[in-house]
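Any read-out appearing in this document is the output of simple, stated calculations on the displayed coordinates, not a laboratory observation. In this text the structure is predicted, and so the values were computed from the model without any measurement. Cβ placement follows ideal geometry from the backbone for every residue including glycine, while neighbour counts extend to all protein chains displayed.
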């Protein structure tokens, strides 16, 4: 059954948690209704950090009955609350290069720990999603043993082994070795110039070797077709991708008490 379009009212807050000697700010979006326990979803932004479209994405997922935590992964070099304008790509790319794969991994553990301890998160029901570099981080975070479901949107750098300032991230190698314990869905845009068909084939081959419970889906869109600003946004395909992702999370996390 596909996700219903009518969702819950959502409340948001920001929490600063210790992370690698600097505070890491986390956006928390959760159903506003009193009481209840929900699956927890770690949501990664693209390289521009927690922009308005990313905040809306977190709220959208929360409206379907999830507690969403979106970390600011530039906390080591940027002030809390920093949002990089879409037109300032040089700033975004230079900021991403300051973070190494192992630092992303440490932040993943911090955010997953935060979600696991959240009083409204159902014990053991943890998932992860993200866009662009956040899609790569989603695949990488799915390697964590407590992650039961992941939806990675147009993950960049998987096929080239690049992640932030690391050029030997080896995320796909870890996938091939069976490192993903939960279920994972990987989403690509059919018209994405940054992730060509041979790159998608490489990703699919790695998952096929791994024995992982995975799906790979193609949508009629360019890179960032789900970002609800700019010319790349494809509203109908974004709606379809969100509905599919919500269904995937519900099915994957429903049996966890």
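Of note:
- Residue selected from the range 83-104 under the condition outside any helix (DSSP H, G or I) and out of contact with any strand residue (DSSP E or B) (no Cβ under 9 Å at 6 or more places or on another chain), by the criterion surrounded by the most Cβ atoms within 10 Å (Cβ to Cβ): 84
Here is a yes/no grid of residues against (1) within 26 Å of residue 56 (Cα to Cα); (2) in contact (Cβ under 8 Å) with a residue 40 or more places away in the chain; (3) in contact with a helix residue (DSSP H, G or I) (Cβ under 8 Å, 6 or more places away or on another chain):
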| site | (1), (2), (3) |
| --- | --- |
| 143 | no, no, yes |
| 167 | no, no, no |
| 193 | yes, no, no |
| 230 | yes, yes, no |
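Per-residue answers, yes or no, for (1) surrounded by fewer than 15 Cβ atoms within 10 Å (Cβ to Cβ); (2) over 17 Å from the mean Cα position of the chain (by Cα):
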{"site": "23", "(1), (2)": "yes, yes"}
{"site": "32", "(1), (2)": "yes, yes"}
{"site": "41", "(1), (2)": "no, no"}
{"site": "53", "(1), (2)": "no, no"}
{"site": "61", "(1), (2)": "no, no"}
{"site": "76", "(1), (2)": "no, yes"}
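- Residue 67 meets the conditions (1) surrounded by 13 or more Cβ atoms within 10 Å (Cβ to Cβ); (2) free of Cβ contacts under 8 Å to residues at least 60 places away in the same chain; (3) more than 20 Å from residue 142 (Cβ to Cβ) in every case but one. The failed one is (3).
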